[in-house]
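Peer 1: Structure provided below as structure tokens; questions to follow.
Read-outs: derived from the displayed coordinates by stated rules, not from any lab. Keep in mind it's a predicted model, so treat the numbers as computed, not measured. Here Cβ is always computed from backbone atoms with ideal geometry, including for glycine, and neighbour counts include all displayed protein chains.
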Amino acid sequence: MNELRGMAPEHRQQSISRLATALPPNSGLIPVNGPVASLPWYVVHTKVRQEQTACENLARQGYGVYFPRVKVLKRRRGRQQAQTEAMFPRYIFFQPGSHAHSIAPVRSTSGVSAIVRFGQEPAVIRPETLIGIREFEARQNAAKDEDISPFRCHERVRVVDGPLAGLEGLITDVSRDRVVVLMQLLGQDTRVNMSHHQLLVAH
């Protein structure tokens, strides 16, 4: 899922489109207004910061909607704080309310930019992909704040607190409590244990 979040919108749309297939019953997704379980789930590309607006307006028209959101850590006032963000910014999933329910009105729904397509056909998300998204969302949101790290191995970071503030290094290991950073100290490569709050991703 993380690889989709990091893509440019046009590339993310192509990747989601390549997942096209039908959604079977009992996928574990929670529909709105009780759509038939066997109907497929499609993908909508929303306008900027209008995912929730699109969800609300689609739900009013009787579509099932799914807007994956996950808990992440963001640095604020010198500390890492938990907040909820869209898993796929500007993308939501929707399902018709019945076999006779057309998806044509979705395109003109407030908050919607376009229906994601695979060639000329609307893209339909694979069932295993949706199940994986739901499971990841549940795990991430149930995790304790200290178990969620914004850092990844091989990522370059800058120290912003403590005696090494201003220096940069490369992450070699991430754990619940510490981040191991490879740094140049006194002309030698040295692994230093740092707290999460002491680091920022270097740009």
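Peer 1: For Glu135, Glu121, what's the fewest-to-most ordering of other Cβ within 10 Å of each Cβ?
Peer 2: Taking fewest neighbouring Cβ atoms as first place, the list is Glu121, Glu135.
Peer 1: Among 188-201, 59-72, how do they line up from the highest to the lowest mean number of other beta-carbon atoms within 10 Å?
Peer 2: The peptides rank, most packed first, as 59-72, 188-201.
Peer 1: Would you order Thr172, Thr46, Thr129 from fewest to most other beta-carbon atoms within 10 Å of each residue's own beta-carbon?
Peer 2: The fewest-first ordering by Cβ neighbours comes to Thr172, Thr129, Thr46.
Peer 1: Given axes a ≥ b ≥ c from the Cα gyration tensor, I'd like to know whether the stretch 61-168 is rounded (a/c under 1.5), prolate (a/b larger than b/c) or oblate.
Peer 2: It comes out prolate by the Cα gyration axes.
Peer 1: Got a sec? How would Val124, Val174, Val48 order by Cβ neighbour count within 10 Å, fewest to most?
Peer 2: Listed from fewest to most nearby Cβ atoms, that is Val48, Val174, Val124.
Peer 1: Contour minus end-to-end for Ser38 and Gln184, with contour as 0.36 nm per residue of separation and end-to-end as the Cα-Cα distance?
Peer 2: Value of the extension gain: 46.8 nm.
Peer 1: Here is a further query. Does the stretch 113-203 come out rounded, prolate or oblate by the C-alpha gyration tensor, with a ≥ b ≥ c the root eigenvalues, rounded set by a/c under 1.5 and, if not, prolate when a/b is larger than b/c and oblate if not?
Peer 2: prolate
Peer 1: Need one word for the stretch 156-201: rounded, prolate or oblate. Basis is the Cα gyration tensor (sqrt eigenvalues a ≥ b ≥ c); a/c below 1.5 gives rounded, then a/b vs b/c decides.
Peer 2: Cα axes put the stretch 156-201 in the oblate bin.
Peer 1: Please give the net charge around Glu51, taking every other residue with its beta carbon less than 13 angstrom from that of Glu51, where Lys and Arg add +1 and Asp and Glu add -1.
Peer 2: +2
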